[in-house]
Amino acid sequence: MTQPARRTAVLRREAVIATVPVALTALLVAAGPASAGTVGTSGVGDPYFPLAGNGGYDVGHYDLTLRYDPDSGRLAGKAVLTARATQRLTRFDLDLNGLKVTGLTVDHVKADHTRDGQELVVTPRHALRQGRKFRITVTYEGKPGPVTDPDGSLDGWIPTDDGAFVAGEPQGAMTWFPANSHPTDKASYDFTITVPKGRTAVANGVFLGERTAHGQTTFRWRQREPMAAYLATATVGKFEVKQYTTRDGVRVYDAVDPREAEAAAPVLKQLPSVLEWESKLFGPYPFRAAGSIVDRAPNVGYALETQTRPVYDAAPDLSTLVHESAHQWFGDSVTLTSWKEIWLNEGFATYTEWLYGEQHGGKTAQQTFDALYARPASDGLWEFPPGDPGSGANIFGTPVYDRGAMTLHVLRKAVGDRVFFRILRAWAAEHRAGHGTTPQFVRLAERESGKDLGALFRTWLYTEGKPSKP
């Protein structure tokens, strides 16, 4: 996501759980007496969003069939989730906010369900044994809308004057499909989205085609590589579409609101060269598809790195394109396990902007660091440490972005360029399509450099106030 100071009042969003491995089974089962063996928890224990995600199962695939009418604002959906029980389950939850459930089955057998806030509580006819694969089918309808995050910004299904801007970080996925909505549970996706003729529906991954009949157009998309629910999109609008394939065989799909086309064109044409440059720094681009969704959504105030195809609320500048593209490695392919560790997303993407400027005729990263460090101790940059923002209201704050990037620059100075860039490539390669935590990154940096870096990371990630200059 883009940072507040970088665009007009841009409030950022992203996610991560602390130092928990991907499976999370022990955490999921440990949330109270009711979870003793047979009931999946109503959250995975995230310190900032305790109800995000659900315990007792992992989703492997989502098959989402949606029909949206922008004029009425109504959405009708069918979600088929293929999952595996990580414990014996007599009951489990899904995250779903606001929409009316019209039917629910588990393995084609009708299941009881109730609503409790954002929790859709499911009781299957028969208990699910640990390790069993099962299929949940939910049909639902209603007028989706966004959720308001702790920082006051909106995310989820955000209506626009010609469709919807759909960006789910950190909570918004549940506003338009039932999900295990925490970054620790990644899955593949298929999307089939029907909208009135003349509108375009853009989702993640490879575009499989479209067909029009009876005044409605259906678009099909497939995201094979694992994706966290907050990175899914189904943005709808009147778009100009451009498709092409890069020299590396990546299939690009750009969808641009005509009102933003003139301003967006010179930036979007640089996407292939940006991805090529980032691939040289970080390793091969992690997905089959790429592109951009440039909407006109003046009430949003941010861009988001929706996987393979970032969504922009207006024509982006080049720095924003570089930032959101860097997230395809850092945040999308290598995903957080706790929202508390969001610096692993934002600090990395922000530092990529510094590197791009340094290597393309702009200020050096050192000059950018020095200008930031010159800010007084009372400045908001030093308000809280980036590795421990304190609450969900702070995860898109300036310290996470800029002091997070400063941490990486201090690391670079400590280990030297050759080792530093080896660390970045190793991080992207060793955690590709998976998850990463701050302790894992520290261990990697120490392994590659042969140095004890504990004091460096404690000072720059976790110490209150302005650190002493390195």
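The values are calculated or read from the model by the stated rules, or taken from the named source; none is laboratory data. Predicted, not measured: the structure shown is a model, and the values here were computed from it. Virtual Cβ from ideal backbone geometry, glycine too; neighbours counted across all protein chains shown. Protein only, heavy atoms only, side chains kept; ligands, DNA and RNA dropped before computing areas. Shrake-Rupley method; radii C 1.70, N 1.55, O 1.52, S 1.80 Å.
What the table below lists for this structure:
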| item | result |
| --- | --- |
| Proximal charge balance of GLU141 [Cβ under 12 Å; K/R count +1, D/E count -1] | +4 |
| Point-charge dipole on Cβ atoms (K/R +1, D/E -1) for the chain, about Cα centre, debye to 20 | 1220 debye |
| Value of relative contact order over the chain, rounded to a whole percent, pairs C-alpha under 8 Å and six or more apart | 16 percent |
| Charged-residue dipole, Cβ positions (Lys, Arg, Asp, Glu), the stretch 100-220 about Cα centre, Debye nearest 20 | 760 debye |
| Cα centre as origin, Lys/Arg/Asp/Glu Cβ charges: the stretch 193-250 dipole, Debye | 160 debye |
| Share of carbon and sulfur in the accessible heavy-atom surface of the chain [1.4 Å probe, %] | 50 percent |
| Cα gyration tensor, the stretch 313-361 - rounded (a/c under 1.5), prolate or oblate | prolate |
| Heavy-atom surface of the chain, accessible at 1.4 Å and reported per residue (Å²) | 36 Å² |
| Contact order normalised by residue count of the stretch 252-334, Cα under 8 Å, 6+ apart, percent | 34 percent |
| Net charge of neighbours whose Cβ lies under 12 Å from the Cβ of GLY454, counting Lys and Arg as +1 and Asp and Glu as -1 | +1 |
| Rg [Å, one decimal], Dmax [Å, integer] - the stretch 285-441, C-alpha atoms | 15.4, 45 |
| For the chain: rounded, prolate or oblate by the Cα gyration tensor [a/c cutoff 1.5] | oblate |
| Square roots of five times the Cα gyration tensor eigenvalues for the stretch 419-468, Å | 22, 13, 9 |
| Residues whose placed amide H lies under 5 Å from that of GLY55, excluding near-sequence neighbours | THR41, SER42, GLY43, ASP93 |
| ³J(HN,Hα), Karplus 6.51/-1.76/1.60, whole Hz, each residue of the stretch 162-169, x for Gly, Pro | 9, x, 7, 9, 10, 9, x, 9 |
| Rounded to whole Hz, the Karplus (6.51, -1.76, 1.60) HN-Hα couplings of the stretch 413-427, x for glycine and proline | 5, 6, 10, x, 4, 4, 6, 4, 6, 5, 4, 4, 5, 5, 4 |
| For THR335, distant residues with modelled amide H under 5 Å away | GLY434, HIS435, GLY436 |
| Karplus-derived HN-Hα couplings along the stretch 288-303 (A = 6.51, B = -1.76, C = 1.60, θ = phi - 60°), whole Hz, x at Gly and Pro | 7, 10, 8, x, 8, 10, 10, 9, 10, 9, x, 8, 8, x, 7, 10 |
| Neighbourhood net charge (12 Å Cβ-Cβ; Lys/Arg +1, Asp/Glu -1) for THR184 | -3 |
